[in-house]
Amino acid sequence: MGLMSFIKEAGRKLGIGRAEATQAEGAAAPATPAAAELEEEVRALGLDVQGLKVEVDGDTVKVAGTTPDQATKEKLLLALGNVAGVAAVEDSVAAAAAETEAVIYVVKKGDTLSAIAKAQYGAASKYMAIFEANRPMLKHPDKIYPGQALRIPPLAK
């Protein structure tokens with residue numbers, strides 16, 4: 001993937017209140033979390049990453065390591081990018097098993113997983129495929145926020 005851009009003002013705040021999304025309107029730009037906080041976030045989510053190395057350079061996070069598959073790699077990048085204060089993730093992550101990359105979708109105001117599923121898959125009822133593809137970052141299908149980047153995997157045939 002290389003370099004992925006994110007909305008710096010949107011995302012979870014790490015530390016106290018980490019599950020809350022920040023508001024982009026009228027808020028000062030959030031500070032980029034330290035590398036140790038981001039590594040802890042990855043561990044807390046239970047993502048399988050061997051040799052995880054996270055560096056912070058301004059509002060860009062550089063990440064390296066090896067994941068067992070493409071899905072875990074994408075979840076890692078999104079977990080880091082969907083943190084308040086992170087504007088970009090530069091990836092040097094290797095996926096042990098090659099797979100088709102998922103589409104990355106940025107949530108807009110008023111979006112629901114059902115509406116996204118209807119637009120991406122042609123059926124609102126496929127929203128659980130998107131929800132499952134974004135676990136453990138998503139805890140509930142109704143808890144998405146504008147600016148959040150989500151994985152939209154290809155549907156199994």
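The values are calculated or read from the model by the stated rules, or taken from the named source; none is laboratory data. All of these numbers come straight from a predicted model, not from anything done at the bench. Positions of Cβ are backbone-derived with ideal geometry, glycine not excepted, and every protein chain shown enters the neighbour counts. Accessible surface areas use protein heavy atoms only, side chains included; no ligands, DNA or RNA. Shrake-Rupley method; radii C 1.70, N 1.55, O 1.52, S 1.80 Å.
Quick grid of which residues meet (1) of a type in the set (D, E); (2) under 21 Å from F6 (Cα atoms):
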position: A64; (1), (2): no, yes
position: D69; (1), (2): yes, no
position: L77; (1), (2): no, yes
position: A88; (1), (2): no, yes
position: V93; (1), (2): no, yes
position: V103; (1), (2): no, yes
position: K109; (1), (2): no, yes
position: S114; (1), (2): no, no
position: Y121; (1), (2): no, no
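Here is a list: A129, A71, A79, A119. Which entry is within 16 Å of Y145 (Cβ to Cβ) and either open to solvent by less than 30 Å² (accessible area, probe 1.4 Å) or in a helix (DSSP H, G or I) (or both)?
The unique qualifying residue is A79.
Scan segment 93-108 for residues that are touching a Gly at 6+ places or on another chain (Cβ under 9 Å) and either part of a loop (DSSP other than H, G, I, E, B) or of a type in the set (G, A, S) (or both) and jot them down.
A94, V107, K108
Looking for something over 16 Å from the mean Cα position of the chain (by Cα), part of a strand (DSSP E or B) and not aliphatic (A, V, I, L, M) - is there at least one such residue anywhere in segment 24-45?
No - not one qualifying residue is present in segment 24-45.
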